[in-house]
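Each reported figure results from applying straightforward, stated rules to the coordinates on display, with no laboratory input. Here the structure is a predicted model, which is why all the values come from computation and not from measurement. Neighbour counts run over all protein chains shown; Cβ positions are idealised from the backbone, glycine included.
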Amino acid sequence: MNARRAGALWILAGTFASSAWGATTEKVFVTCPVYRDTNAGRKSGCWLATDEAVGIRYDISLSRTKPQRGHEVLVEARLPSTSSASAASSAQSPCGGLTLEPVVVSVLDSLCPSFMLPAESYPGRRFRLDPRLVLGTADVPETLPPGPYPPRTWHIEFAYQSDFLQYQYSEVILDEIGRYVRASHPRRVEVTGYAVTQAREVSGHRLAEQASLAQARADMVALALERLGASEAIVKVSARENPEPLSADGELLEPSRRRVDIHLSY
Amino acid sequence: MQVTLLLRLALFSGAAALLAVWPLLDVSAGGRAERPAPEAPPTWWQPDSNRVFAARADYTDSTGTVSVLHVGGDVQTRGHPFFSALGPNGRACVTCHQPADGMSVSVSTIKSRWRETRGSDPLFAAIDGSNCPSLPQEQAASHSLLLDRGLFRIARPWPPRTPEGAAVTPQFSIEVVHDPTGCNLDPRWGLHSAHPRVSVFRRPRPVGNLEYATRYGYIFEPKNGLPLPIDPRTGLRYSGNLLADQRARTLEEQALDALTSHLQAQASLSAPEMQKLVGFESQIYVAQSADRVGGSLSAAGAQGGPEALASGKPAELQGPGHPSWTEFDAWQHDAASTDPGQRAFRASVSRGIALFRNRTFLITDSAGLNSMNFGNPTRDSCAFCHNMARTGMDVAPGQVDLGTTNEPYADPAPELPLFKLTCASSYPPHPFLGRVIYTHDPGFALTTGRCVDIGKITIQDMRGLAARAPYFSNGSARTLRDIIEYYDRRYSIGLTEQEKQDLTNLLSVL
């Protein structure tokens, strides 16, 4: 499927978004987020988002990017299966909404009322840092990956309309690439940025990224790689629009189109 | 024989001082009033005075004793670049980084110095020790920001420039709404002069514990997701934790900036002089070592004082395995002291530490924190931002907008300049303050030119605070208690009177 055809299918998918890319059911909507002030220690508050089209309140707290109160959010998620949804009803969830996971939240520029709810007996979630997201300290001698070093490709995803390298998520990937570069001395590092400029209608919002964002994303990653030891002479930066999604298990399809690909060749 | 006599006298005077303040103590609350450091022993350090900078020196301050440790031993200061007047205005680095003030300079010292010298000390040099060089320098009113708030004028180029001198295209325009100092509208020194400058007014940061400010714990800067940039001279990364606005990336850059601005020197330092200066600065550690009520801060198992700082690991992140201020953990179960006042004070400090670590509140609208992917608001404690073990700085480069300089959170300060910054439509607006922002000091944005950085100020070292009031970059907190009051108000924490006192006591022993 080429990118143009894929994009056209996606527009057809519309707000309810049974994904055009596969069999899984993906949910996409724009709404005004609500913060529920549960207090189970640090970073324990809940973020809720109601899809007004169906009147369901979702718990979007598990997104690696959290909302900004007073700004609308784009929510992209995989819906729980019917059976698990009924088992984990809103009333039983720790935040008071149907839990979405995986879920990707993008903060939009558009403003909306700033809402906050009290805990209302919901416990929230105790914060647990995924140890896979923790990098070693700078004073620990680094371990370089052993050879052989076949060509490899990595992907870094971005929030909608953003070139921000997300805390922890991006760092872990960049750190791995940096170590691979320093170990293997590739002939070329190709950094390709993508933006999704095809318009789609979501909850009455017309969403389309600026074409310049593809270059901005690629430039940001290239700068990071250069600071990690990739010589500017071997880094080749390019920008494209409307790629096909990644198809790795567990990935949300549409967010995977907003990405930078990093390819090392020898 | 003579030493023994001096020691006895010192012990006696210490005991007498404790007795003298005893009626002031609120023993039940574990608290006591902060007060200005007692007037005067001749602690003022003149440039070119050729004294010996002792390997360790103790100075009385507002709550006890601050100690300054130089791990390189005694320093002969004759001809030393830190102690020599290197420019025409008679100032040396030591002028504004006084050992008795924890290597900064307190407003009480500044006032004393004005009285003692009738304003003739180089401390009051027109270039930045007055509200504006164009004002009549003999009048105290012309130095009001220094005398009242301990603020020096920092003149930043407009538009901003990189450390290499390249012009930065700012994302915002800047207008002077009002300026009682007159300097930002001054035809020679102002924003519309031949060499446009934005004059902001800031406290001098202490020259101490700089190993903690210049080392980095992690190679990534989480506030922008990029690895820290690399210093091509050394191959090391810049820590990003120097100066309020990070305009200097290394101690060498800081020294050159200070040399040409504060000292008005025309010539640079030779390489050996620079090495001597930076080497000296890097070996100084500053911390409170004794409290008038709590006694020695290294007693009963505590590890206060500068020695523990000197032997500690810089840029270490606090966390569950190494929480903040473990230096005073032993005071949680202090059974050693027979003095009820001392026990109460130490218990108060322990409660303050628990609050610092564990009392969560909603952090809102603070660029540099909420603008990352933590969300706005995010619930966390003081230790979230003040996360570097032993200093309370930020292990990540600590540029954060607490609101101390930006409307609407800044305390009213009609004596300071007020600027109107308008973010251009071609750039993202400030995430919390929109496109039009009123500020007394754009802070980090005067270095980067970015809207999101307006009002961000680098988080400070928290050691030796009691020696260097007032606090925050613009001196808006006159006392340690005022710091707590600001945070309580800014983030609606809801601290009780006892909790405020406990946190104030914690700050007083650092």
### Task
Could you please rank B:487, B:212, placing first whichever residue has the fewest other Cβ atoms within 10 Å of its Cβ?
B:487, B:212
### Message
Under the rule of at least 5 residues apart or a separate chain, name every residue whose amide H is placed under 5 Å from the amide H of residue A:31.
### Response
A:73, A:75
### Summary
Computed from the beta carbon distance with a Förster radius of 60 Å, FRET efficiency for residue A:183 and residue A:81 to the nearest 0.05 stands at 0.90
## Note on the structure
Against the 2.2 N^0.38 Å rule of thumb, the C-alpha Rg of the protein assembly as shown sits at a ratio of 1.02
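Over the range A:32-118, what is the mean sequence separation of C-alpha contacts under 8 Å (at least six apart), divided by residue count, expressed as relative contact order in percent? Walk me through the numbers before you get to the answer.
Details: 188 pairs, mean separation 32.9, N = 87.
Relative contact order comes out at 38 percent.
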### Query
Tell me, what ³J(HN,Hα) does each residue in the range A:72-79 have, in order and in whole Hz, if you take phi through Karplus 6.51 cos²θ - 1.76 cosθ + 1.60 with θ = phi - 60° and put x for Gly and Pro?
5, 10, 8, 10, 10, 7, 9, 6
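List the trypsin sites (Lys or Arg not before Pro) in the range B:217-295 that DSSP assigns to loop (not H, G, I, E or B) and whose Cβ has at most 13 other Cβ atoms within 10 Å. Which are they?
On the way: sites: B:223, B:233, B:237, B:247, B:249, B:276, B:292; in loops: B:223, B:233, B:247, B:249, B:292.
Qualifying residues, ordered by number: B:233.
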### For residues of A:163-175, the mean tally of beta carbons on other chains within 10 Å
4
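Scan the range A:106-162 for GluC sites (Glu not before Pro) in coil per DSSP, keeping those whose Cβ has at most 15 other Cβ atoms within 10 Å, and list them by number.
Numbers: sites: A:120, A:142, A:157; in loops: A:120, A:142.
Sparse-neighbourhood loop GluC sites (Glu not before Pro): A:120, A:142.
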### Task
Let me know the number of lysine pairs in the protein assembly as shown closer than 24 Å at the Cα, not counting same-chain pairs under 8 apart.
11
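Given a Förster radius of 51 Å and the C-beta distance between residue B:326 and residue A:201 as r, what FRET efficiency does 1/(1 + (r/R0)^6) yield to the nearest 0.05? Don't jump to the answer; show the numbers that get you there.
Details: r = 55 Å, r/R0 = 1.08.
Plugging the Cβ-Cβ distance into 1/(1 + (r/R0)^6) gives 0.40.
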## Note on the structure
Ranked from fewest to most other Cβ atoms within 10 Å of their own Cβ, B:425, B:62 fall in the order B:425, B:62
### Query
Mind checking the mean number of beta-carbon atoms from other chains within 10 Å of the Cβ atoms in B:450-456?
0
### Task
Compute the separation of the alpha-carbon centres of the range B:63-140 and the range B:302-379 and state it in Å as a whole number.
32
### Query
Which is the longest run of chain B containing none of the GluC sites (Glu not before Pro) found in DSSP loop states (not H, G, I, E, B) with at most 14 other C-beta atoms within 10 Å?
B:165-510
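Which FRET efficiency value, to the nearest 0.05, is calculated for residue A:111 and residue B:485 with the Förster distance at 30 angstrom and r the Cβ-Cβ distance? Write out the running numbers ahead of the final one.
Working: r = 31 Å, r/R0 = 1.05.
After rounding to 0.05, the efficiency reads 0.45.
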### Query
Any idea how far apart residue A:137 and residue B:407 come out in nm if each label point goes 7 Å out from Cα toward Cβ?
4.4
### Message
Step by step: find N for the range B:61-508, compute 2.2 N^0.38 Å, then divide the Cα radius of gyration by it. What's the final number?
### Response
0.95
### Message
As a test of understanding, state the convex hull volume per residue of the range B:191-290 from its alpha carbons, in Å³.
### Response
169
### Message
Once you order the gyration tensor axes a ≥ b ≥ c over the Cα atoms, which shape class does the range B:57-117 get: rounded for a/c under 1.5, otherwise prolate or oblate by comparing a/b with b/c?
### Response
oblate
### Message
I want to check the label-to-label distance for residue B:188 and residue B:436. Put each point 7 Å from Cα in the C-beta direction and report it in nm to one decimal.
### Response
3.5
### Query
Per the protein assembly as shown: cysteines with no other Cys C-beta under 4.7 angstrom?
B:93, B:96, B:382, B:385
### Spacing of the two label points (7 Å from each Cα toward its C-beta) at residue A:240 and residue A:120, in nm
4.6
### Message
Could you tell me which residue out of B:90, B:422, B:271 lies farthest along the dipole of chain B toward its positive end? Charges go on the beta carbon: Lys and Arg +1, Asp and Glu -1, centred on the Cα centre.
### Response
B:271
### Query
Between residue B:175 and residue B:115, 0.36 nm times their residue separation minus their Cα-Cα distance comes to what?
18.0 nm
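For chain A, list the DSSP H helices whose alpha carbon atoms reach 20 Å or more along the long axis and whose average Kyte-Doolittle value is 0.0 or above?
Values: long enough: A:169-184 (23 Å, -0.07); A:212-227 (23 Å, 0.39).
The answer, listed by residue number, is A:212-227.
If we count other beta carbons within 10 Å of each Cβ, what is the order of B:322, B:440, fewest first? Can you show the working numbers first?
On the way: B:322 12, B:440 23.
With the sparsest Cβ surroundings first, the list reads B:322, B:440.
Where a ≥ b ≥ c are the square roots of the eigenvalues of the C-alpha gyration tensor, would you call the range B:287-357 rounded, which needs a/c under 1.5, or, failing that, prolate if a/b is larger than b/c, or oblate?
Details: a/c = 2.32, a/b = 1.47, b/c = 1.58.
Oblate, because a/c is 1.5 or more while a/b does not exceed b/c.
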